[in-house]
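The values are calculated or read from the model by the stated rules, or taken from the named source; none is laboratory data. This is a predicted model, so every value here is computed, not measured. As a convention, Cβ positions derive from the backbone with ideal geometry for all residues, glycine included, and neighbour counts pool all protein chains shown.
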Amino acid sequence: MQNLTIVDHPLVQHKLTIMRCKDTSTASFRRLLREIAHLLCYEVTRDLETEQIDIETPVGPTKAPALKGKKLVFASILRAGEGLLEGMLDLVPSARVAHIGLYRDPETLEAVEYYFKMPSDAADRLIIVVDPMLATANSAIAAVQKLKDRGANNLRFLCLLAAPEGVERFTRIHPDVPIFTASLDEKLNDHGYIVPGLGDAGDRMYGTR
Ligand code: PRP
Ligand code: URA
């Protein structure tokens, strides 16, 4: 599928399998999400530009590569995005962070916004939007639109699981935003849940329901 990268590394797939199991504890689920975020972060940042900078090792001066340009922004879609965000920040601690509070109305499946905060100078940076689940894509579409309305023009979307229906809708509306995921699942069910999926990511992370 166009614009879609599936990170099918064996470690990602193994951890994801444990997360899918219904008996996996909340604590294990959170830990695994953070670990997978490290591996997904590695892929989504693979093509970042570097530049040679002057440094001095204990043995002498040299030039060595360092990330070039402005710091990244990670935009977390609340609540479940926080699980991926933590792992992303482990690898890129200097990244700026935006928060987008959205929940899915259980009847209409429309995204309802309740919070938005982004760094004031985020518009000219690469923004990686994170949320474990891309189901109908209503939440992802709304989050990316909000960021674009504030001037963002260089975005990527990172999730753990995607449904084909969500990928199709998202790429139709935001064709300029590449999607990275650990799995393209089979379909959505009648309640807009990803099948086979892993259930409600936020509930599984925080032990709610
Ligand atoms: C979940 C998930 C996404 C959204 C995906 O959040 O974390 O944000 O559903 O579904 P969609 O693609 O159909 O919009 P939820 O609304 O359950 O909120 P939560 O993270 O607060 O639990
Ligand atoms: N949100 C979730 O948390 N899980 C799904 O399967 C769909 C939307």
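Of note:
- Any chance A143 is crowded, with 20+ Cβ neighbours inside 10 Å and either at pLDDT 95 or above or of a type in the set (V, I, T) (or both): yes
- The condition of being buried (at least 24 other Cβ atoms within 10 Å of the Cβ) and either at pLDDT 95 or above or in contact with a strand residue (DSSP E or B) (Cβ under 9 Å, 6 or more places away or on another chain) (or both) holds for only one of A135, A122, that being A135.
- Members of the range 192-201 found to be within 7 Å of ligand 2 (Cβ to nearest atom), surrounded by fewer than 20 Cβ atoms within 10 Å (Cβ to Cβ) and either on the phi < 0 side of the Ramachandran plot or acidic (D, E) (or both), listed by number: Y193, D200
- Unique residue being at pLDDT 95 or above and touching a Lys or Arg at 6+ places or on another chain (Cβ under 7 Å) when the list is E35, E56: E35
- V129 among the aliphatic types (A, V, I, L, M) and farther than 24 Å from A37 by Cα: no
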